[in-house]
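Enquirer: Encoded as structure tokens, here's the structure I'll be asking about.
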Amino acid sequence: MGRVIHFEIHVDDVERAKKFYGEVFGWTFEDWSDYAGMPYFGAVTGDAEAMGINGALMKRMGPAPQPGQAMNGFACTMGVEDFDTTAAKILSLGGELALPKHALPGMAWQGYFTDTEGNVIGIHQPDLNAK
């Protein structure tokens, strides 16, 4: 099967992106630039024993997505314990609202934002009572 095992987020400002993802989601970063031959920072997104995957921030090699542009790639969604608290952190650290919080009835709360680099990200809070 073709299970997702790694992700890459293309960014204009690596330090700004590290601050954003580190403060919003608690990610830590390892410098893999020598190995990759370009600015490339491994993102450790959680406990290795927990469900989920790790990824990386890498220097963007082309134009950034334009505001209002239709999706033209993958959108990563992060599981969170508290949608509203996480949304507030995203906005306070320079992210912007892309699609407001909405119920996935009987499953969760979902919403989308743009990060400091113009990429679309989702957050997902499980809640069987969402409606």
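The values are calculated or read from the model by the stated rules, or taken from the named source; none is laboratory data. Values in this document were obtained by computation on a predicted structure and should not be read as measured data. Cβ atoms come from the backbone with ideal geometry, glycine included; neighbour counts cover every protein chain shown.
Enquirer: Which ones in the range 1-17 are of a type outside the set (Gly, Ala, Ser), surrounded by 15 or more Cβ atoms within 10 Å (Cβ to Cβ) and under 24 Å from Gln125 (Cβ atoms)?
Expert: Hit for the range 1-17 is Ile9, nothing else.
Enquirer: Can you name every residue in the range 18-29 that is surrounded by 13 or more Cβ atoms within 10 Å (Cβ to Cβ) and of a type outside the set (Val, Ile, Thr)?
Expert: Lys18, Lys19, Phe20, Tyr21, Gly22, Glu23, Phe25, Trp27, Phe29
Enquirer: A further question on this structure: For Gln69, only one of the following conditions fails: (1) surrounded by fewer than 17 Cβ atoms within 10 Å (Cβ to Cβ); (2) polar (S, T, N, Q); (3) farther than 15 Å from Gly118 by Cα. What is its number?
Expert: Condition (3) is where Gln69 drops out.
Enquirer: Among the numbered criteria (1) outside any strand (DSSP E or B); (2) more than 18 Å from Gly122 (Cβ to Cβ), which one does Phe29 miss?
Expert: In the conditions (1) outside any strand (DSSP E or B); (2) more than 18 Å from Gly122 (Cβ to Cβ), Phe29 misses (1) alone.
Enquirer: So which of Ala50, Ala75, Ala88 ends up being surrounded by 11 or more Cβ atoms within 10 Å (Cβ to Cβ), more than 12 Å from the chain's Cα centre (by Cα) and small (Gly, Ala, Ser)?
Expert: Ala88
Enquirer: Moving on. Mind checking which residues of the range 34-43 are outside any loop (DSSP other than H, G, I, E, B) and surrounded by 14 or more Cβ atoms within 10 Å (Cβ to Cβ)?
Expert: Ala36, Tyr40, Phe41, Gly42, Ala43
Enquirer: Another question about this same structure. Scanning for something part of a loop (DSSP other than H, G, I, E, B), at pLDDT 95 or above and closer than 22 Å to Phe7 by Cα, does the range 76-84 turn up at least one residue?
Expert: yes
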